[in-house]
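Any read-out appearing in this document is the output of simple, stated calculations on the displayed coordinates, not a laboratory observation. What you see is a predicted model, and the numbers here were worked out from it, not measured in a lab. Heads up, the Cβs are rebuilt from the backbone with ideal geometry, glycines too, and the neighbour counts pull from every protein chain shown.
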Amino acid sequence: MVKNTVEIACPPEVMLSLHMNSRELAERVQRDAAMALFREGRLSSGLAAQWLGMPRVHFLLMAMAASAELLEDTEEDFRRETALL
């Protein structure tokens, strides 16, 4: 699988104030981005889980814990969620 890398600038003061190293911050940003894109309906739960390297059920549990709406009961939502099955 080909992977793309996205680079963001982050002042050292931000990581110091968060008590995170660059790897921890990158993982947090990736997880938050996957969740935000899922909430917006731009990423399916399966694709978000694949991006984060976790089983889909774990991502869905994480989304439920974050109060994300899992399904809107629309045909588009159903197609998006079943696309990777």
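Tabulated data for the structure shown
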{"item": "As computed over the range 1-42, the Cα convex hull volume per residue (Å³)", "result": "96 Å³"}
{"item": "Potential lengthening between residue 39 and residue 58 on full extension [0.36 nm per residue; Cα-Cα distance subtracted]", "result": "5.3 nm"}
{"item": "Label point distance in nm, residue 2-residue 24, each placed 7 Å from Cα along Cα→Cβ", "result": "3.5 nm"}
